[in-house]
2 protein chains.
Amino acid sequence: MADVAQLAGVSHQTVSRVLNDHPYVKEETRARVLEAMAELGYRRNLTARALARRQSDTIGVIAFDTSLYGPASTLFSLEQAARGAGLEVHVVTVPDMGPEAFAEAVDRLVAQSVSGVVVLAPQRAAVQVMVGLPADLPAVAVEGGAPPGVPSVVVDQVDGALQATRHLVELGHTEIAHVRGPQDWIEAEARRVGWHQAMTAAGLTVREPLVGDWSARSGYDAGVLLHERWPEVTGVFVANDHMALGLVRALAEAGVDIPGQVSVVGFDDIAEAGYLRPPLTTVHQDFAEVGRRCVDVLVERIGSAERWFQGQPVVVPSRLVVRASTAPVTRRG
Amino acid sequence: MADVAQLAGVSHQTVSRVLNDHPYVKEETRARVLEAMAELGYRRNLTARALARRQSDTIGVIAFDTSLYGPASTLFSLEQAARGAGLEVHVVTVPDMGPEAFAEAVDRLVAQSVSGVVVLAPQRAAVQVMVGLPADLPAVAVEGGAPPGVPSVVVDQVDGALQATRHLVELGHTEIAHVRGPQDWIEAEARRVGWHQAMTAAGLTVREPLVGDWSARSGYDAGVLLHERWPEVTGVFVANDHMALGLVRALAEAGVDIPGQVSVVGFDDIAEAGYLRPPLTTVHQDFAEVGRRCVDVLVERIGSAERWFQGQPVVVPSRLVVRASTAPVTRRG
DNA sequence: GCGCAGTCTGATAGCGCTCACAGGTGGGGG
DNA sequence: CCCCCACCTGTGAGCGCTATCAGACTGCGC
């Protein structure tokens, strides 16, 4: 920077002003500085800038497993949106759900002087940590159930589950089971709640949900169990597509036709959902939108002086996509 | 830090020494400093540290689409390995494959004073950029075909494709088609090469590969085309699982039994591969290992003074996983 | 002619850390 | 007895930027 200043015949401060689009720099001077920068191949050192400003223009993302479909998609769009807003992205994953792991992740991010934090870990444990975040650090949770004061961006899980279950009800199904996600995941619970609401609203008996861990394998296991335990079931709402696909396979192996004898609805609308056998009826989540809205929220809070958040969660709607894994009920053979 | 020093009754330098595990600090002094840090809730400012050391202990990852299965998995394990090595991860994606986009991504990372870079963009265009990286910046490419001087970590794509194709050959298939990935992807080309080698080695006629874009949709389209154009084909090697799944669906819709009439082999071994219909025979890639090895390479190069890389690429073996989408050839009905 | 606001620029002082150096101890060998 | 070396600690400078203040130079109105 000193070199640039010297070559342009100005002070380092003027160079800094040019860099920061400060008004009150003569057009001619600006041009001279720009030229000098180009000539020397100058690149501003953001570390020094961050130190001086005590702000890094970087957002930290705390995630649990970034290889899962939802988090991966959100992270991807988050980075794009951040880039658009002139922010960098720093990723940290937590090895487990313990509060220490979270605290350590936050510490690492704070040590980096991040300007804001996105918590992409939709487990209950994560929520508790949010309240423990430094009060002056803008944060946003990608999940429901964020404590008051912490802004959040969420896909409407309950409504999605409602739509999915209602769809089954409208097709005439009365014996509808649910395969839920892990107990400590907020989204798993929200989807269960939506299912439960739709069931009781329709006056149907609510079975105890089977529990999976989001994986196709656990969906398969659930399918096997379902077939044994409740052969009368004709409709299943599965909490995500990967489990749904495993369940479909288990039923198919047992000779059950889908959607002829059992209708299955998933959740996520993974890219390949339309090309499974049968094409999966599922609930679409707009993760790209989630990423964008997170950055919006963060940028707004970074800019504002009010550290305490008063607003409502940002809710991104979910949408049922009807494909071929669901059909009107028929007496089961 | 000054506060900690004062409270502990030492100089700021001693505090720094404690922080950096410097030898030659009396045990008692160390304890006193540690105590003071705990009492004040002190957190070292890594930005300042990075500025002073001109090293940030951060690795930058340049990716194209982090929501794709391979990159997402690699990124995830990369972060874990980096954490283990005391490094942070900074993610940058490139919106397109143009050299400007890459140059900008590199610039952003350099401006952050990253200690090393992982290029997770397996396109040809990325390779060209690698040579343009600052010479003193350790870098590693996750792809084949990296230019000499640039270390790389790769899953053995050619061998995986060889295994897959040989498997079909051994099952008695002679009419074997290939659905490849996009032209500008190095991995797509490597898999095609492996297929081609196995075909010529077996003395079989090599058809022009169909081209997909990794998506299930493009696999479906390829399946439709394949069925029309080459009804005599009984074996297909598809360059990734998502396309394979789309192709399976297209053939199934056309009334083709898999694996009865056509055998299909994929590539990637996505988590749900074993639960598709039929369970997909595919080539497993150990992305976790790739991530770990990348960090290994980077750490080694960051530590060493030799900027110019002489070694060979790190090759992570791939492994054929035989499931139920392949079967011995039968005359096609 | 004077003042004053508006425009432009430079000097100086940090941001919170590490590095290089200069000490100050104490003990063992010459 | 002295010197040297291993141990331990403190002092100063500086990483490359931004913030703050103080100045200098215009043009305008009274």
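Restricting region A:141-170 to residues that are touching a Pro at 6+ places or on another chain (Cβ under 8 Å) and among the acidic types (D, E), which is surrounded by the most Cβ atoms within 10 Å (Cβ to Cβ)?
Restricting to residues being touching a Pro at 6+ places or on another chain (Cβ under 8 Å) and among the acidic types (D, E), the top hit is A:E143.
When you go through A:P95, A:P71 one by one, which is the residue that is without any contact (Cβ under 8 Å) to a residue 12 or more places away in the chain, closer than 27 Å to B:D286 by Cβ and away from DNA strand D (no atom under 16 Å from the Cβ)?
None of the other options fit; the residue is A:P95.
I need every pair where a residue in region B:238-262 that is more than 8 Å from chain A (Cβ to nearest Cβ) and closer than 11 Å to B:W214 by Cα has its Cβ under 8 Å from the Cβ of a residue that is charged (D, E, K, R) and in a helix (DSSP H, G or I), sequence separation at least 6 or different chains.
From region B:238-262, the pairs are B:A239/B:E187; B:A239/B:R191; B:A239/B:R192.
What is the one condition in (1) within 15 Å of DNA strand C (Cβ to nearest atom); (2) under 24 Å from B:V114 (Cα atoms) that A:D65 does not satisfy?
With (1) within 15 Å of DNA strand C (Cβ to nearest atom); (2) under 24 Å from B:V114 (Cα atoms) applied to A:D65, the lone miss is (1).
Of all residues in region B:19-54 being more than 9 Å from DNA strand C (Cβ to nearest atom) and closer than 30 Å to A:N45 by Cα, which is surrounded by the fewest Cβ atoms within 10 Å (Cβ to Cβ)?
B:G41
Residues checked against (1) modelled with pLDDT of 95 or more; (2) over 21 Å from A:S73 (Cβ atoms):
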| residue | (1), (2) |
| --- | --- |
| A:P148 | no, yes |
| A:V169 | yes, yes |
| A:R191 | yes, no |
| A:H196 | yes, yes |
| A:L204 | yes, yes |
| A:Y220 | yes, yes |
| A:L245 | yes, no |
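Give the residues of region A:215-239 that are surrounded by 24 or more Cβ atoms within 10 Å (Cβ to Cβ) and farther than 20 Å from A:H173 by Cβ, sorted by residue number.
A:A216
Can you tell me which residues in region A:68-119 are farther than 23 Å from A:I186 by Cβ, within 7 Å of another protein chain (Cβ to nearest Cβ), assigned to a helix (DSSP H, G or I) and at pLDDT 95 or above?
A:E79, A:Q80
Filtering region A:148-166 down to residues that are among the β-branched types (V, I, T) and out of contact with any Phe, Trp or Tyr (no Cβ under 7 Å at 6 or more places or on another chain), which residue is nearest to A:D296 (Cα to Cα)?
Per the stated criteria, the residue is A:V153.
Give me the residue from region B:263-275 that is part of a loop (DSSP other than H, G, I, E, B) and acidic (D, E) and, out of that set, nearest to the other protein chains (Cβ to nearest Cβ).
Ranking the candidates gives B:E272 first.
Any idea which of (1) at pLDDT 90 or above; (2) within 10 Å of DNA strand C (Cβ to nearest atom) is the one B:S11 doesn't satisfy?
Among (1) at pLDDT 90 or above; (2) within 10 Å of DNA strand C (Cβ to nearest atom), the lone unmet condition for B:S11 is (1).
Identify, please: which residue in region B:20-60 is within 11 Å of chain A (Cβ to nearest Cβ) and in a helix (DSSP H, G or I) and is, among those, farthest from DNA strand D (Cβ to nearest atom)?
Here the residue is B:L46.
In region B:280-314, how many are within 13 Å of another protein chain (Cβ to nearest Cβ) and surrounded by fewer than 17 Cβ atoms within 10 Å (Cβ to Cβ)?
Here the count works out to 0.
The rows are residues; the columns are (1) assigned to a loop (DSSP other than H, G, I, E, B); (2) under 24 Å from the mean Cα position of the chain (by Cα).
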{"residue": "A:T205", "(1), (2)": "yes, no"}
{"residue": "A:D213", "(1), (2)": "yes, yes"}
{"residue": "A:H227", "(1), (2)": "no, no"}
{"residue": "A:H242", "(1), (2)": "no, yes"}
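Kindly check whether there is at least one residue in region A:135-144 that is within 14 Å of another protein chain (Cβ to nearest Cβ), among the aliphatic types (A, V, I, L, M) and over 30 Å from A:H227 (Cβ atoms).
So far as region A:135-144 goes, yes, one or more of its residues are within 14 Å of another protein chain (Cβ to nearest Cβ), among the aliphatic types (A, V, I, L, M) and over 30 Å from A:H227 (Cβ atoms).
The values are calculated or read from the model by the stated rules, or taken from the named source; none is laboratory data. These figures come from a predicted structure and were not determined experimentally. Note that we place each Cβ from the backbone using ideal geometry, even for glycine, and neighbour counts take in every protein chain shown.
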